[in-house]
1. Compare the Cα positions of Ser124, Phe82, Phe175 along the charge dipole of region 36-178 (+1 at Cβ of Lys, Arg; -1 at Cβ of Asp, Glu; about the Cα centre) and return the one farthest towards the positive end.
2. Taking N as the number of residues in region 36-178, what value does Rg over Cα atoms divided by 2.2 N^0.38 Å take?
3. Mind ordering 117-123, 131-137 by average Cβ neighbours within 10 Å, highest first?
4. Ranking Tyr150, Tyr170 by Cβ neighbours within 10 Å, fewest first, what do you get?
5. What is the spin-label model distance, in nm, from Trp64 to Leu109 if the labels are put 7 Å beyond Cα along the C-beta direction?
6. Starting from 0.36 nm per residue, how many nanometres of slack lie between Thr78 and Val100 once their C-alpha separation is accounted for?
7. How would you rank Lys45, Lys158, going from fewest to most other Cβ atoms within 10 Å of each one's own Cβ?
8. Can you put Met154, Met38 in order of Cβ neighbours within 10 angstrom, beginning with the fewest?
Amino acid sequence: MASAATQASLKSLSPQPTVLGQKKLQWENRLPTKTSPMAERAEIKRLYREKRFLILLLAPLPLWTYLYSINGTDYVYTLEFFLTFALLYPIAEEILFRGVIQPLLGNKLPANNRTISTANIITSLLFSAAHLINHPPLWALATFVPSLIYGYTMERYKTLLAPTILHCGYNAGYFAVAGQM
């Protein structure tokens, strides 16, 4: 028999009826909350112990290996460039797309039982469209699948740390081996 705390937790994440009779997820219970540095370290440790998260973190290795084999090492980055594209931009993008847009859409759209939510798909489309500003269409389209992964981890782990770690890791790996924008 489930404990009272478990039942309350399950009830808080279950879809709630809206005015129109549709069901939607209560994103308020799934959003990250302000935590102490000790709690953040514990959360990061929890992520790295999760097999699914590690698989997602290492998933781009075959692509990076291929890109390295065709590009070689004829490029040099400044530290400023690398930190900007491997840390600053991914953190800012995750705060905007997974921290603001996806939860807002999650509150407005009806819930579904799919692995990838409608809010995640729409957020990923917006994420890819935002990359059209500085990149060719094919490059922007290539950001769609990683964006779905970032959104999935946000919904699964209920912390902005998960997509941010993945995004920083994916960008760092790409720029380390591909050598181009």
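1. Ser124
2. Dividing the Cα Rg of region 36-178 by 2.2 N^0.38 Å gives 1.08.
3. Going from most to least packed, we get 117-123, 131-137.
4. Final ranking by Cβ density, sparse to dense: Tyr170, Tyr150.
5. 3.0
6. So the extension gain works out to 4.8 nm.
7. Lys45, Lys158
8. Fewest-to-most ranking of Met154, Met38: Met38, Met154.
Coordinate-derived values only; no laboratory data. As the structure is a prediction and not an experimental result, all values here were calculated from the model. Every residue, glycine among them, receives a Cβ derived from its backbone with ideal geometry; neighbour counts consider all protein chains shown.
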